[in-house]
Ligand code: TMP
């Protein structure tokens with residue numbers, strides 16, 4: 001890749017996204033980062049978002065906290081890296097807000113998008129990789145850990161989020177690639193590389 005690229009990995013919890021983000025960043029020599037919690041300020045905001053004791057957070061407040069995390073992250077990590085000619089691989093991005101706060105919490109998706117355009121100064125992922133894991137694999141990984149506020153939000157919420165990701169990917173096929181997160185870690189990494197190569201050759 002010649003110019004720096006901002007790549008985001010998206011998907012439901014337990015799909016192996018964080019592992020694949022780290023591996024992809026290494027292969028590309030890119031800056032590895034994450035939302036939420038990719039900056040010191042973001043780490044504090046993330047604590048609120050994930051805290052099970054926070055049981056009365058309004059959906060709009062949740063969207064604003066995620067957008068504040070993102071504003072700081074773009075300002076402090078993503079934009080400086082891109083400006084310095086480095087590519088960026090981010091574990092989640094603005095599209096998690098569209099899927100979780102928009103589709104999941106049922107806020108107006110275009111309003112969430114508008115809020116985030118302002119928060120990011122329009123710095124937006126060039127490529128989004130949607131990792132689609134089998135439902136039973138996700139269920140197995142979930143049962144093995146203590147659930148946080150999002151993970152404990154219920155099946156209907158999570159189905160809306162997954163459907164949301166699929167709708168977002170279908171809306172912008174030039175930006176999104178969907179990869180089946182099945183097989184070994186190496187299999188999924190190879191499938192990501194193939195999909196990126198195929199996209200570049202379009
Ligand atoms: P993860 O960092 O373990 O992937 O978990 C992040 C959680 O935060 C996940 O449940 C999705 C949620 N989230 C949002 O609801 N909105 C956002 O904008 C982001 C980045 C994450």
Exercise. From 177, 129, 192, grab the single residue that is under 18 Å from the mean Cα position of the chain (by Cα), part of a helix (DSSP H, G or I) and at pLDDT 90 or above.
Key: 192
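Yes or no, residue by residue, for (1) within 11 Å of the ligand (Cβ to nearest atom); (2) under 20 Å from residue 19 (Cβ atoms); (3) at pLDDT below 95; (4) in contact with a strand residue (DSSP E or B) (Cβ under 8 Å, 6 or more places away or on another chain):
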position: 117; (1), (2), (3), (4): no, no, no, no
position: 139; (1), (2), (3), (4): no, yes, yes, no
position: 153; (1), (2), (3), (4): yes, no, yes, no
position: 168; (1), (2), (3), (4): no, no, no, yes
Quiz item: Within region 66-84, can you find the residues that are closer than 18 Å to residue 26 by Cβ and more than 15 Å from the ligand (Cβ to nearest atom)?
Solution: 81
Practice problem: Only one of these is more than 12 Å from the ligand (Cβ to nearest atom), more than 16 Å from the chain's Cα centre (by Cα) and surrounded by 20 or more Cβ atoms within 10 Å (Cβ to Cβ): 30, 58. Name it. | Solution: 30
Quiz item: Is it fair to say residue 94 is within 16 Å of the chain's Cα centre (by Cα), surrounded by 18 or more Cβ atoms within 10 Å (Cβ to Cβ), more than 14 Å from the ligand (Cβ to nearest atom) and over 16 Å from residue 149 (Cβ atoms)?
Solution: no
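The values are calculated or read from the model by the stated rules, or taken from the named source; none is laboratory data. Everything numeric here is computed off the predicted structure, so don't read it as measured data. No Cβ is skipped: glycine too gets one built from the backbone with ideal geometry, and neighbour counts run over all protein chains shown.
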